[in-house]
1. Are there any chymotrypsin sites (Phe, Trp or Tyr not before Pro) in the range 14-114 that are in a DSSP loop and have at most 14 other Cβ atoms within 10 Å? List them by number.
2. Using 7 Å Cα-to-Cβ label points, what is the D146/V43 separation (nm, one decimal)?
3. How high is the relative contact order of the range 2-162, in percent, with contacts defined as C-alpha pairs under 8 Å that are six or more residues apart?
4. Where in the range 43-128 are there GluC sites (Glu not before Pro) that are in a DSSP coil and have at most 12 other Cβ atoms within 10 angstrom of their Cβ?
5. Could you work out how far the C-alpha centroid of the range 75-116 sits from that of the range 135-163, in angstrom?
6. How far is helix 20-32 tilted off the main Cα axis of the chain, in degrees rounded to 10, range 0 to 90?
7. By DSSP, what percent of the beta bridges with both residues in the chain are antiparallel, rounded to the nearest 5?
Amino acid sequence: MRAAKELSEYMDYEKPAVPASWHEFAAAWAAKLGLGDKEIRLVCATERFGAPIILRLIGKGPKIVFTARSSDAADAAPRRQRFLTAAANREFSAIEIDMAGFYVEEALLAPPDSPARVKWKSGVLTQLLRIAEPVLEVPGEGEAADQAEDAQRTARVAELLQS
């Protein structure tokens, strides 16, 4: 009964909330990665489909969105550079990790032994690593470089979660 009540607190289909334990996890890892002086905001967007997680840095001026090399956005290269510069120089006051509603709901509704129940942890930690370790040396360009970077981050996340 208690689990059902707790689940109902987060399952407002108009605006599902990110559980407090997720915020605690993100703040603890941010501190371990040298980002403890930054505000961590985990939000859930219900009306967005596509990317399950969007990473933004917030400071003075407009939000700075993490942009992949292979992005189709007309201003992808300058957006990516702006993000990398802000992350490297710590030129922001808050980190916003925006998770799509389906991503959050999947974790909350999954059976207790399902990998979907904890998939969010690697997603959050990956985003924090994009800031704590913004520049990775990878071969290739565009999508190939994005995939190589994702593979390195996935390995680093697995290493950190097992430590």
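1. On the way: sites: W22, F25, W29, F49, F66, F83, F92, F102, Y103; in loops: F49, F66, F92.
Of the chymotrypsin sites (Phe, Trp or Tyr not before Pro), the ones in loops of the range 14-114 whose Cβ has at most 14 other Cβ atoms within 10 Å are F49.
2. In this crude label model, D146 to V43 measures out at 2.2 nm.
3. Numbers: 210 pairs, mean separation 38.7, N = 161.
Reported relative contact order: 24 percent.
4. Numbers: sites: E47, E91, E96, E105, E106; in loops: E47, E91.
Those satisfying the criteria are E47.
5. 15 Å
6. 30 degrees
7. Details: 8 of 15 bridges.
In the chain, DSSP labels about 55 percent of beta bridges as antiparallel.
The numbers here are math on the coordinates, done by the rules we state, and not lab data. Remember, it's a predicted structure, so these values are computed and weren't measured experimentally. Cβ atoms come from the backbone with ideal geometry, glycine included; neighbour counts cover every protein chain shown.
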